[in-house]
Amino acid sequence: MRPPHLGLLLFCVLLGLAVGTGVFTFGYAKGASYLTNDPAACANCHVMEAHFASWVKSSHSAVAVCNDCHTPHDLVGKYLTKASNGFWHSFAFTTGDFPDPIRIKDHNRAVTEEACRYCHADVTAAITAGSHLVGTGETSADEAEGWAVACTRCHRTVGHWVR
Amino acid sequence: NIMERQREGLDPFYRVVALTDTTVDPAVWGQNFPLQYDLYRRTVDMTRTRYGGSEALPRRPTGEDPRDTVSVSRLDEDPRLREFWAGYAFVEDFREERGHAYMLSDQVFTRRQVVAQQPGTCLNCHASTYVAYLRAGNGDLMEGFARVNQMPYQEAVRLVDHPVACIDCHDPETMRLRVTRPAFMEGIRALKAGQGVEDYDVNRDATRQEMRTYVCGQCHVEYYFAGTEKRLTYPWDRGLTADSILAYYEANGHNDWTHQVSGGGVLKAQHPEFEMFNQGIHARSGVACADCHMPYIRQGAMKVSDHWVRSPLLNVSNACQTCHPWDEAELTARVHTIQDRTYQLRNLAIDASLALARAINAAAQADAGNPRLEAARRHHRRAQFLADFVEAENSMGFHADQEAARVLGLSLNEARLGHLALFGDLVQATASALPAPPQAVTPPPRNGTR
Amino acid sequence: NIMERQREGLDPFYRVVALTDTTVDPAVWGQNFPLQYDLYRRTVDMTRTRYGGSEALPRRPTGEDPRDTVSVSRLDEDPRLREFWAGYAFVEDFREERGHAYMLSDQVFTRRQVVAQQPGTCLNCHASTYVAYLRAGNGDLMEGFARVNQMPYQEAVRLVDHPVACIDCHDPETMRLRVTRPAFMEGIRALKAGQGVEDYDVNRDATRQEMRTYVCGQCHVEYYFAGTEKRLTYPWDRGLTADSILAYYEANGHNDWTHQVSGGGVLKAQHPEFEMFNQGIHARSGVACADCHMPYIRQGAMKVSDHWVRSPLLNVSNACQTCHPWDEAELTARVHTIQDRTYQLRNLAIDASLALARAINAAAQADAGNPRLEAARRHHRRAQFLADFVEAENSMGFHADQEAARVLGLSLNEARLGHLALFGDLVQATASALPAPPQAVTPPPRNGTR
Ligand SMILES: [Ca+2]
Ligand SMILES: [Ca+2]
């Protein structure tokens, strides 16, 4: 049997490594691009190229850049999300341990859902009325199932012409 | 500021009048929600599509039937249907359905009312009955429902004034969707129980997205009148597929009428849109009736739900194109491809059912004691119901394309077995069992609302 | 390592050897394209899915058949098939198909070679024949094709060394896809001519996305050997649907064999993946075989086509999730829903076809001169072919779900008509016409590839 503190030690070493590699990649792979608004910066990572290309073809390339949809529209949230995504994506990129094809995670989809509502509050006022939390449904069943009237359920191609 | 209003949970409509749980008249609701009301009133418009929509045939109003337009007679369009339903009121009058605005008058004045005495139950789906039920039950909806069911139609119809109205789908205070029809509450509860979900209360447990389908499922469903109380019942205990519903009727022995040609007890299927839709890929993907039949439409600065409920083929761009980036002609062609295939099999299945009925008729004429008749009639009853299920479903297969073809395949197979039961020395004269349905109702996936 | 990956991104392939139009050996190509080659070699792996994939059954190699694994016998799995194909070589040996690596040895050692003398034509789809054809024709592909077709199999097989190889799908200089099989060039030309497109040359006129389907359509198709020259022919003049192909065979009178039970001339359908797929919504949406069976996968920093051609259900994330945002379990469930429905109808259709064959057999035994036999056999031939078309198609309906059910519905209907032709005083004893197919082949839309 391994003494428990060894496991803890191992964890710390791994964490250190993780942070180290993450930070290295963050720098080398122009991870700072997460901090700018230039969409081309996201495409610095070739795994983002297809998403960039499909954004260019989408109706929104003229009106919204990546960060408009993929980061929250309040300052603190914005930089927190950027930091968290920037770090984890850099880490994933380095280890190669990420799904193929890349799939948006629930919390990041919630961010995009909010982004739609932020820009389109006027036009959607009638259909989102009654939802206290933006993007959240009214009943407890809604909470479990996801979002009521999720914009991207219908507008599948606004951000990216194909998935 | 509009963002603020939204965050506070307010909606952008100005309340001009107060709406209560007894405000039936949609014109009153329309003062608060003029956009929806104006669209709602457009359901009087009639336009034909290849298999749906409707066409206005002018007619001369008479004393007993004051309507100045009707839609086309499906019996004249396909005269085989007279033999298909021989012996039932449907051979008197059966028309292409049209917009919600007509539902009450079309029911009052169909000749099916003349040839048969109908119960108050009929009203459930042809009028704004919510307040009528409440009143008849002295505030108790279920009680009122039970009472109205048992009235003669002519008495019950005096309790209502409008076709389906705002109050039948909306809570007057919050405007949230709600189910107001007891038969649906009971039907969905039985269905969920069969799937292992106990004590399902639709108005408590359904998601908003599900409600966008359930409000329609109150009426666009297969039904029968149970017992002498004529209680409106949706036969969903075993599931929603055509064969599950047939198995339900085989178990309880219900007959709608005796077929004049085959001489056996048979069933009439009626508008199982909700049931069939649930077997399709759209239901499985979390798409709702309202997504296609009441798509959002921009009115001034706002998007509202298009309360002009109609064929999506009259409105492909709003109904389909947000989800499918193909042009209108292409989307229409896809629907037609599905419908044409379904129509081909539907025609073969009706022919097959008729051929069997005639063969049974001849055999019975030759020898009424022929022991093979019973099995042959059993197969005929199945073939008839399964073919009728797709015939009665109003999307001509679109709502669940493979499933519609499967059901017609089953029908053709039952017609074949009926002949085997009747003729030939080689085959056994007893009805073989109904094949087990390949799977239960398709529940939308967890992440279904995307 | 990230630095390496960025560099790799610049120049994907290092050309190590020069490839020419006679370089058959995939190992040589593999020096230039090691990623694709390594994946290509993985087609030896065997894993079962509910209806597809394959399972390695160990066997003891013998002198006449040195294989140490085979896949499962479909005849043992479903013994009805022995009667379904009674009188044909298929009842000797018919197995679940497996990966491309096995195609040559499985053909050489099937017991269908023992019970019948096969022509060189067989090789077209089981070996790298491109260079062999060129050589046999002294540089003329069409000429070589004609010559190899006419050789006995045992002679022809000496001209080849590999299963399908790089050169059968790729131009060695540009690596562009190309069609190398004369039968496909001729078949697609006839198909296009029927659609009003004159002088179609697939290698000149097809788009890149179309080629991602056509290279597979060289082999995964229905075929027959025309005339004494045993010319490999794809029966597409009238279209690609099962009923169009049946109409083609009705017009030219071709029979594959005489059914031992029915006593009539019948047809064998064989792997009509390309034909069936073309009726489906994926083809209509511009999706290609390679999109699902050879999806792009990440190898280091590169995206390459997965040359491990196999069941997409063994690789749902790459095969499906690029287009569909549902999770793997959900996508698999959707495929199974479609397949289970198809399987149910397939089973009924096989039963129906067998029942008819037996009834004809008994009637013929009783009276070989019975004038009703001819019509009954005509219906049986149709029922048999239509059921076999879906049975032989290897996706169990997935490639075109509604269409597969429609074809099975038609088959059930023909079995019914066969009984009517045979029995009963009431029905006419001549075969009624085959119903007209509801629509021609579905051409992908203009904006097909989105
Ligand atoms: Ca209609
Ligand atoms: Ca296989």
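The values are calculated or read from the model by the stated rules, or taken from the named source; none is laboratory data. These figures come from a predicted structure and were not determined experimentally. Glycine also receives a Cβ, built like all others from the backbone with ideal geometry; neighbour counts cover every protein chain displayed.
Find the helices (runs of 4 or more DSSP H) located wholly in the range A:48-163 whose residues include 2 or more that are under 17 Å from the mean Cα position of the chain (by Cα), under 30 Å from C:Ala319 (Cα atoms) and modelled with pLDDT of 85 or more, and list them. It would help to see each step written out before you state the result.
Numbers: elements: A:49-56, A:66-70, A:75-95, A:106-119, A:121-128, A:140-145, A:151-154.
Passing ranges, in order: A:49-56, A:66-70, A:75-95, A:106-119, A:151-154.
If the requirement is being touching a helix residue (DSSP H, G or I) at 6+ places or on another chain (Cβ under 9 Å), among the β-branched types (Val, Ile, Thr) and more than 25 Å from C:Phe94 (Cβ to Cβ), which of these qualifies: C:Ile245, C:Ile281?
Values: C:Ile245 fails: more than 25 Å from C:Phe94 (Cβ to Cβ).
Exactly one residue qualifies, and that residue is C:Ile281.
Looking only at the range B:223-237, which residues are crowded, with 20+ Cβ neighbours inside 10 Å and touching a helix residue (DSSP H, G or I) at 6+ places or on another chain (Cβ under 6 Å)?
Selection gives B:Leu232, B:Tyr234, B:Pro235, B:Trp236.
Please go through the range B:320-376 and pick out each residue that is closer than 26 Å to C:Ala421 by Cβ and outside any helix (DSSP H, G or I). Don't jump to the end; show me each part of the working.
First pass over the range B:320-376, keeping only residues closer than 26 Å to C:Ala421 by Cβ: B:341, B:343-367, B:370-376.
Passing the criteria: B:Asp367, B:Asn370, B:Pro371, B:Arg372.
Out of C:Ala357, C:Ala362, report the one residue that is free of Cβ contacts under 8 Å to residues at least 40 places away in the same chain and of a type in the set (A, V, I, L, M). Walk me through how you get there before you give the answer.
Values: C:Ala357 fails: free of Cβ contacts under 8 Å to residues at least 40 places away in the same chain.
Of C:Ala357, C:Ala362, the one residue that is free of Cβ contacts under 8 Å to residues at least 40 places away in the same chain and of a type in the set (A, V, I, L, M) is C:Ala362.
If B:Ala101 satisfies every condition in (1) away from chain A (no Cβ under 14 Å); (2) surrounded by 18 or more Cβ atoms within 10 Å (Cβ to Cβ); (3) within 30 Å of B:Thr20 (Cβ to Cβ); (4) more than 16 Å from ligand 1 (Cβ to nearest atom) but one, which is the exception?
(4)
Being free of Cβ contacts under 8 Å to residues at least 24 places away in the same chain and under 27 Å from C:Arg358 (Cα atoms) is the requirement here; does C:Leu75 meet it?
Numbers: free of Cβ contacts under 8 Å to residues at least 24 places away in the same chain: yes; under 27 Å from C:Arg358 (Cα atoms): yes.
The answer is yes for C:Leu75.
Is it true that some residue in the range B:187-198 is within 12 Å of chain A (Cβ to nearest Cβ), touching a Lys or Arg at 6+ places or on another chain (Cβ under 6 Å) and surrounded by fewer than 21 Cβ atoms within 10 Å (Cβ to Cβ)?
Pass one, the range B:187-198, residues within 12 Å of chain A (Cβ to nearest Cβ): B:197.
Still in the list and also touching a Lys or Arg at 6+ places or on another chain (Cβ under 6 Å): none.
No - not one qualifying residue is present in the range B:187-198.
Tally time: how many residues in the range C:249-274 are farther than 30 Å from C:Ala368 by Cβ and free of Cβ contacts under 8 Å to residues at least 60 places away in the same chain? Reasoning before the result, please.
As a first pass, look at the range C:249-274 and keep what is farther than 30 Å from C:Ala368 by Cβ: C:270-274.
Restricting the remaining residues to those that are free of Cβ contacts under 8 Å to residues at least 60 places away in the same chain gives none.
So the answer is 0.
Cβ-Cβ below 7 Å, separation at least six or inter-chain, first residue in the range C:393-422 and more than 8 Å from chain B (Cβ to nearest Cβ), second assigned to a helix (DSSP H, G or I) and aromatic (Phe, Trp, Tyr): which pairs?
C:Met396/C:Tyr343; C:His399/C:Phe277; C:Ala400/C:Phe277; C:Val407/C:Phe389
Among the candidates C:Ala368, C:Ala329, which residue alone is under 30 Å from B:Glu414 (Cα atoms) and small (Gly, Ala, Ser)? Walk me through how you get there before you give the answer.
On the way: C:Ala329 fails: under 30 Å from B:Glu414 (Cα atoms).
Testing whether each residue is under 30 Å from B:Glu414 (Cα atoms) and small (Gly, Ala, Ser) leaves just C:Ala368.
How many residues are within 14 Å of chain A (Cβ to nearest Cβ), modelled with pLDDT of 95 or more and more than 16 Å from ligand 1 (Cβ to nearest atom) if we restrict to the range B:317-338?
Matching residues across the range B:317-338 total 3.
Where in the range B:175-291 are there helices (runs of 4 or more DSSP H), lying fully within it, with 3 or more residues that are over 23 Å from B:Phe385 (Cβ atoms)? Walk me through it before giving the result.
Numbers: elements: B:182-194, B:202-205, B:208-217, B:242-252, B:273-277, B:281-284.
Here the list reads B:182-194, B:202-205, B:208-217, B:281-284.
Which residues, taken from the range B:293-316, are more than 11 Å from chain A (Cβ to nearest Cβ), more than 19 Å from the chain's Cα centre (by Cα) and in a loop (DSSP other than H, G, I, E, B)?
Passing the criteria: B:Asp306, B:Asn315.
Quick check on this structure: which one of B:Ala283, B:Ala352, B:Ala290 is touching a Lys or Arg at 6+ places or on another chain (Cβ under 8 Å) and within 12 Å of chain C (Cβ to nearest Cβ)? Lay out the reasoning, then the answer.
Working: B:Ala283 fails: touching a Lys or Arg at 6+ places or on another chain (Cβ under 8 Å); B:Ala290 fails: within 12 Å of chain C (Cβ to nearest Cβ).
Answer to the selection: B:Ala352.
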